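The values are calculated or read from the model by the stated rules, or taken from the named source; none is laboratory data. If you're wondering where the values come from, they're calculated on a predicted model, not measured in any experiment. For neighbour counting, all protein chains shown are included, and Cβ atoms are generated from backbone atoms with ideal geometry for every residue, glycine included. Note: areas computed on protein heavy atoms with side chains; ligands, DNA, RNA excluded. Shrake-Rupley method; radii C 1.70, N 1.55, O 1.52, S 1.80 Å.
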Amino acid sequence: MYDLNQVGESTFYMDSPANVGFYVEKNKVFLIDGGSDKDAAKKALKHIESRGWTLGAVICTHSHADHAGGCALLRQRTGCKVYASGVGAAIIKYSYLEPTYLYGGFAMKDLHSKFIMSAPCECEELTPEVLPEGLEYMHIDGHDFEQIALKTRDGVWFVADSVASSETLSKYKIPFLYDIAKQLDTLDRLTKLEGRLFIPAHCPPTESIAELARINADNIREVSDAIKRHCAGGLTIDELLERLFAEFGIKLYLTQYALVGFTTRSYLSWLYEKGEIKPVFAGAKLLWKTIE
């Protein structure tokens, strides 16, 4: 853990709770994500300093705390700039937004853990112009409001949280997703993406991402089928969550309730837009009912 692995002439990654990319251009390092927390950031800095490099900037793939948790320390220690795409830059800067939108209201302190909320950090809008030569990005939205993948001159793709491992899907079944339609589009594009190596944030590097992308797409279809099956007679969101937690053996605690609840609502919105489920009002209750 936290070892620096070279996977190309200019490309390295640090294996950590969320893998951190290192792209080296003229002795200057551009980090792909800032690490999950202060400890990960300190490990990254140690690798940079021990090799006589300097930190140019941090490019965040998206705003989640396990990818931006070390940014504040990196900026404090080096003065480096931090970049993220679109609304992601605002959330990294105003990190209390993360637990707020997850909970759907003022979030209690239990949801202010470092797993959910990173230390606030000044963050600027990512544009192609701020990237060094040999580094490019593309949008792979769906998991978050906005998410990017970055490709280095060595043909190495850092694909962030666009895919979860088979083990993670088996254990948790409902990984965090914001936009199901965009996630399915991202997974389809990943099956066609060309590169020499693909490095997800929470999986080992792989020479082919296509099969893992298909497994993730199949999992989405399995979860959506379960939602439609459970909603055949109409359920409130909490009744639906109760059944999903039981069917998939997901342990219930406050953070998990917020994450799975958020994702389940995203599924309901997607199925509603597709005309496969509808809201039904029964007295003072809102039920979700599958359309036969």
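By a straight-distance test (C-alpha under 18 Å), which lysines pair with LYS43 as possible cross-link partners, with residues fewer than eight away in the same chain excluded?
Partners within reach: LYS28, LYS114.
Could you order GLU211, GLU9 by accessible surface area, starting with the largest, using a probe radius of 1.4 Å?
So, going from the largest accessible area down, we get GLU9, GLU211.
Below 15 angstrom from the Cβ of ASP3, what's the summed charge of the other residues (Lys, Arg +1; Asp, Glu -1)?
Result for the neighbourhood of ASP3: +2.
Within 10 Å, count the other beta carbons around each residue, average over each peptide in 230-237, 144-151, and list them highest first.
Put in order of decreasing packing, that is 144-151, 230-237.
Computed FRET efficiency, Cβ-Cβ of GLU222 and GLU292, R0 22 Å: what is it to the nearest 0.05?
0.60
State which entries of LYS173/LYS278; LYS109/LYS285; LYS26/LYS173; LYS109/LYS274; LYS46/LYS93; LYS81/LYS274 exceed 31 angstrom in Cα-Cα distance in the structure shown.
Among LYS173/LYS278; LYS109/LYS285; LYS26/LYS173; LYS109/LYS274; LYS46/LYS93; LYS81/LYS274, the Cα-Cα distance tops 31 Å for LYS26/LYS173; LYS109/LYS274; LYS81/LYS274.
Over region 1-80, what is the percentage of antiparallel beta bridges among all DSSP beta bridges, to the nearest 5?
Close to 70 percent.
Label-point separation (nm) for SER208 and SER269, each offset 7 Å from Cα along Cα-to-Cβ?
That separation, rounded to one decimal, is 3.5 nm.
Placing +1 at every Lys and Arg Cβ and -1 at every Asp and Glu Cβ, with all other atoms neutral, what dipole size does region 131-222 have around its Cα centre, in debye to the nearest 20?
Charge dipole of region 131-222: 180 debye, to the nearest 20.
Heavy-atom accessible area per residue, region 226-278, 1.4 Å probe: how many Å²?
Averaged over the residues of region 226-278, the accessible area is 47 Å².
Can you work out the Karplus-derived ³J(HN,Hα) for every residue in region 111-124? Use 6.51 cos²θ - 1.76 cosθ + 1.60 with θ = phi - 60°, whole Hz, and x for glycine or proline.
So the Karplus estimates, Gly and Pro as x, are 9, 9, 5, 5, 5, 9, 10, 7, 5, x, 9, 4, 9, 10 Hz.
Restricting things to Cα coordinates, could you compute the convex hull volume per residue of the chain in Å³?
Roughly 126 Å³ of hull volume per residue.
With θ taken as phi - 60° and the coefficients 6.51, -1.76 and 1.60, list the Karplus ³J(HN,Hα) couplings across region 182-187 in order, rounded to whole Hz; mark glycine and proline as x.
Result, rounded to whole Hz: 5, 5, 5, 5, 4, 4.
Report the Cα centroid-to-centroid distance between region 75-94 and region 219-263 in angstrom, as an integer.
So the two Cα centres are separated by 34 Å.
Note the full-extension length gain between ASP110 and SER165 as 0.36 nm times their separation in residues minus their Cα-Cα distance, in nm to one decimal.
17.1 nm
Hey, what angle do you get for helix 237-248 against the long axis of the chain, alpha-carbon based, 0 to 90 degrees rounded to 10?
70 degrees
MET1 versus ARG229, label points 7 Å from Cα toward the beta carbon: distance in nm?
Taking the simple label geometry, MET1 and ARG229 are separated by 3.6 nm.
Give me the angle, in degrees from 0 to 90, between the Cα long axis of helix 38-50 and the longest principal axis of the Cα atoms of the chain, rounded to the nearest 10.
20 degrees
Express the carbon and sulfur contribution to the solvent-accessible surface of region 1-94 as a percent, rounded to the nearest whole number, probe 1.4 angstrom.
For region 1-94, the apolar C and S fraction of the accessible surface comes to 44 percent.
With only Lys, Arg, Asp and Glu charged, each at its Cβ (+1 for the first two, -1 for the last two), find how big the charge dipole of the chain is about the Cα centre; round to the nearest 20 debye.
It comes to approximately 500 debye.
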